[in-house]
Amino acid sequence: MATTSKPAPVLFRPAPRLVRHLLLIAFGLFMLYPLLWMVSSSVKPEELIFREPGLVPGEVTAENYSRGWDALKHSFGYYLWNSALITGLAVVGNLVACSLAAYAFARLDFPLKKVWFAVMLGSIMLPHHVTVVPQYIMFAKFDWINTIWPIVVPKFLATDAFFIFLMVQFIRTLPRELDEAAAIDGAGHWRTFVQVILPLCVPALATTAIFTFIWTWNDFFTQNLYLTDSDNLTVPVALRHFMDSSGDSSWGPLFAMSIVSLGPIFGFFLAGQKYLVRGMATTGFK
């Protein structure tokens, strides 16, 4: 009686997976190299930063942090507070204004709704630098130059169309039966928005908050344009003051304070990353 031969068992299958993981680790280290080099340089004596450019410091010192903290007119904590104030107001403004605008586009009926929605989407494709000059002239007439208002007030007027579109798409996935049930209970649009829609939009709101925080905290162009007084400088503009066009730059304190300025970003991102993943990976709720 003929017997069929069975294939020999594979003794080592995970080789392709191991290769993929090693490649991902190598690519991740390659992407992180500038950050790791900056961390290493921040604890090196300033004269060794470019003389010994390796990742492992031959000599470790905390002098760059102490010098950088008090190198400018105010302590670096002062500029951290300025950035925190502006960024916090920007986050609140985007959450309030963009969620209201998104609810209107997703749930309400009003004249020329599709036209205004198309105009809103079209503003996403408009380069930011095209509007710089007219905005600067307008804010100058308001006497808002060298104040935080040109940076903060537009956030409360729903000017970030990307976040409006993000929330519109999220709200559209929520069943309209929820609105109808709320209407049967006597809820108007405001109560429906606050008590029904808004709690279900936590992932989209978290995504908006995280990206608004990162973009506003790192925004050098706008803050450098409107905040010229040394008492109003934010972190990105203050870091620029460590560099001298003549070449005599304080590299050690610059790298040290750059690491300090990354702390709030990492902290805010880690605190909301689970909501960010839900907001980007889901289209509704189960």
Those residues of the stretch 78-88 which are within 14 Å of the chain's Cα centre (by Cα) and surrounded by fewer than 22 Cβ atoms within 10 Å (Cβ to Cβ), in sequence order: 84, 88
Residue check, residue 119 in contact (Cβ under 8 Å) with a residue 60 or more places away in the chain and surrounded by fewer than 16 Cβ atoms within 10 Å (Cβ to Cβ): no
Residue within the stretch 63-77 that is part of a helix (DSSP H, G or I), more than 16 Å from residue 252 (Cβ to Cβ) and at pLDDT 85 or above present: yes
Test: residue in the stretch 160-169 that is over 27 Å from residue 129 (Cα atoms) and outside any helix (DSSP H, G or I): no
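With the structure loaded, tell me whether residue 262 is at pLDDT 85 or above, part of a helix (DSSP H, G or I), within 13 Å of the chain's Cα centre (by Cα) and surrounded by fewer than 17 Cβ atoms within 10 Å (Cβ to Cβ) or whether it fails that test.
yes
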So residue 192, is it surrounded by 18 or more Cβ atoms within 10 Å (Cβ to Cβ) and farther than 30 Å from residue 35 by Cα: yes
Residue in the stretch 112-119 that is hydrophobic (A, V, I, L, M, F, W, C), in a helix (DSSP H, G or I) and closer than 20 Å to residue 206 by Cα present: no
Failed criterion for residue 153 (all others in (1) part of a loop (DSSP other than H, G, I, E, B); (2) crowded, with 16+ Cβ neighbours inside 10 Å; (3) among the aliphatic types (A, V, I, L, M) hold): (1)
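The values are calculated or read from the model by the stated rules, or taken from the named source; none is laboratory data. Here the structure is a predicted model, which means the values were calculated and not measured. Please note: Cβ atoms are built from the backbone with ideal geometry, for glycine as well, and neighbour counts cover all protein chains shown.
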